[in-house]
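A single structure is presented below for examination.
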Amino acid sequence: MVRPDYEQSKRGFYVIELAVHLRSYYFQVSWIRHRDLHILTVGGYTYTSDQRFQASHSPQTDDWTLQVKWAQQRDAGVYECQVSTQPVRSFFVTLHVVDCDEIYQRMYSDGVPSARILGGPDLHVDIGSTINLTCLIQFSPEPPAYIFWYHEDEVISYDSSRGGVSVVTEKGAATTSYLLVQDATPADSGRYSCAPSNAELASVRVHVLNGERPAAMQTGSAGLSDSWVCVVTLLAAVALHTAVLHTQLTS
């Protein structure tokens with residue numbers, strides 16, 4: 001049986017693994033690339049100068065694997081796995097290599113682009129801290145041409161006399177725009193909106209407070225949302241359960 005497996009390494013590139021499972025250790029496996037009829041591997045030996053290709057064998061599972069590192073478009077095509085039975089048996093697998101951004105665009109090509117500000121609809125910050133708003137634009141076939149930020153109904157000016165206002169935008173399959181307003185004052189309270197060129201605007205209301213601590217308040221420049229509180233509580237419960245179970249097993 002031939003099966004393709006995919007792994008993503010810590011460096012971010014993809015490793016493709018084509019594996020065949022044999023019930024007998026005594027057979028030998030060869031991998032052939034049909035594009036140029038090149039014999040890539042025989043047994044555990046590699047017969048190509050392309051160091052991205054490597055053969056491996058796991059005696060524990062009887063898997064014979066062809067690894068392809070840093071997969072590229074030119075690696076696509078038919079690969080033949082030959083097993084040294086009498087007569088020789090062959091298995092074929094067709095490898096398709098596509099760009100991840102291309103897959104994303106295909107998945108959401110019929111979707112409607114949308115924008116949302118994380119942590120809304122209300123955010124609370126201490127006076128003197130930094131307001132940190134994150135706008136996420138998704139399901140767009142291409143990044144927005146521009147993104148405007150509004151405070152109430154006025155476009156935020158990054159070179160105004162107030163100072164301490166900056167925006168960082170990261171474009172990709174999903175675009176993220178960050179608005180940072182340093183040294184928050186009560187005058188910075190109000191409705192903030194993110195308006196990309198290709199989607200409806202998204203809004204959130206910011207409350208700059210002096211000494212009060214409502215449940216949804218941000219600490220410094222970032223808040224601890226209810227979902228994170230639930231996660232922390234769940235982890236604590238799991239840790240307690242594990243400790244109790246360990247005590248019971250060792251007693």
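The values are calculated or read from the model by the stated rules, or taken from the named source; none is laboratory data. For clarity, every value in this text was computed on a predicted model and none was experimentally measured. All Cβ positions, even for glycine, are placed from backbone atoms using ideal geometry, and neighbour counts span all protein chains on display. Just so you know, the surface numbers come from the protein's heavy atoms only, side chains and all, with ligands and any DNA or RNA stripped out. Shrake-Rupley method; radii C 1.70, N 1.55, O 1.52, S 1.80 Å.
Could you run the Karplus curve 6.51 cos²θ - 1.76 cosθ + 1.60 with θ = phi - 60° over region 117-126 and give me ³J(HN,Hα) per residue in whole Hz, x for Gly and Pro?
Karplus values, whole Hz, x for Gly and Pro: 9, 5, x, x, x, 10, 10, 10, 9, 6.
Here's another thing I want to ask about it. Which distance in nm do the two modelled labels at Thr94 and Glu142 give, with both placed 7 Å along the Cα-to-Cβ direction?
For Thr94 paired with Glu142, the spin-label model returns 3.1 nm.
Suppose R0 equals 45 Å. What FRET efficiency, 1/(1 + (r/R0)^6) with r the Cβ-Cβ distance, do Gln60 and Lys171 give to the nearest 0.05?
That gives a FRET efficiency of 0.50.
Can you give me the solvent accessible area of Ile127 with a 1.4 Å probe, rounded to the nearest 10 Å²?
For Ile127, solvent-accessible area is about 80 Å².
Additional query: If R₀ is 25 angstrom, what is the calculated FRET efficiency for the pair Arg74 and Tyr47, using the beta carbon separation as r and rounding to 0.05?
0.85
His38: accessible area at probe 1.4 Å, nearest 10 Å²?
About 60 Å², rounded to the nearest 10.
Would you mind getting me the FRET efficiency between Thr134 and Gln86? Use the beta-carbon distance for r and R0 = 45 Å, nearest 0.05.
0.10
Provide the gained length on full extension for the span Arg35 to Ile127, in nm with one decimal, where the gain is 0.36 nm per separating residue minus the Cα-Cα distance.
The span from Arg35 to Ile127 would gain 26.6 nm if fully extended.
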